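Worksheet: the structure to be examined is printed underneath.
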Amino acid sequence: MNEVILRKATYLDMENIMQLQEEVFTGEQKIPSAMIPLSDENSPQWWCALLGTSIVGAVAAWKENNQVHWGRFATRQNYRGLRIGTKLARFSLEDLFCQGIEDIYMDARAVTVKVICNMGGKIMGEETEFYNDTITPVVLHKNDYMCNYEVNKF
C-alpha cells in the first residue's frame, strides 16, 4: 500500500471530502445529507488522508457555543482497519492543540469514542439515539492528550 499523506484540506479538496462524507454518513448511517455541511459562520477547518490522489479519510473542527467541536470523522469503507483514521485523528487533534485550543468537544459513534478515549478523551454524558445508532458526548483536554501521548510514545 502507498504511504498515507495527512494534511490540512484545501478548497480544492472539498468536493471529494463532501462525497466521502455523504457516502459514510448518508449512505451508511442514514444521516440526512443536509446535516453534513458546516456553515462558514462556524469557522470550519478540515483535514484529510490521501492515498495517491484519492481522499480516503476526512475530519473537521468548528466553533459552536464558544467551544471547539471535532467530528465529521470518516474513513472510506475499504480502508478501515488500517489505522488511517487513528493517524488522521491524531494529526488533526495535534494541529488544533498547536493552535492553542485546550479542549475539544464531540458527539461520537462508539468506534470514535474508543479511539478518542484511547488518546485521553473523557466521556461527558450518556449515549443518546442518533439515526439508527448512538452518539456519546466526549471531551479531549490538551493536558490529558499530551500526557497520554507521552506515555505511548516509547
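Values quoted throughout were computed directly from the atomic coordinates according to the rules given, and no laboratory measurement underlies them. As the structure is a computational prediction, the values presented were derived from the model and not from experiment. No Cβ is skipped: glycine too gets one built from the backbone with ideal geometry, and neighbour counts run over all protein chains shown.
Here are the numbers for the structure shown:
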| item | result |
| --- | --- |
| Residues satisfying the stated conditions in the range 3-54, i.e. free of Cβ contacts under 8 Å to residues at least 60 places away in the same chain, of a type in the set (S, T, N, Q) and either exposed (fewer than 15 other Cβ atoms within 10 Å of the Cβ) or over 16 Å from L88 (Cα atoms) (or both) | T10, N16, Q19, T26, S33, S39, N42, S43, T53, S54 |
| Residue in the range 123-130 that is assigned to a strand (DSSP E or B) and either within 17 Å of V24 (Cβ to Cβ) or basic (K, R) (or both) present | no |
| Filtered residues of the range 66-84 (kept if in a strand (DSSP E or B), hydrophobic (A, V, I, L, M, F, W, C) and over 9 Å from the mean Cα position of the chain (by Cα)) | V68 |
| Odd one out for N65 among (1) at positive phi; (2) touching a Lys or Arg at 6+ places or on another chain (Cβ under 7 Å) | (2) |
| Residue that is part of a strand (DSSP E or B) and basic (K, R), where the choices are K114, K87, K63 | K63 |
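Matching residues to (1) charged (D, E, K, R); (2) closer than 19 Å to Q45 by Cα:
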residue: V59; (1), (2): no, yes
residue: E64; (1), (2): yes, yes
residue: F97; (1), (2): no, yes
residue: A108; (1), (2): no, yes
residue: G120; (1), (2): no, no
residue: I123; (1), (2): no, no
residue: T136; (1), (2): no, no
residue: K142; (1), (2): yes, yes
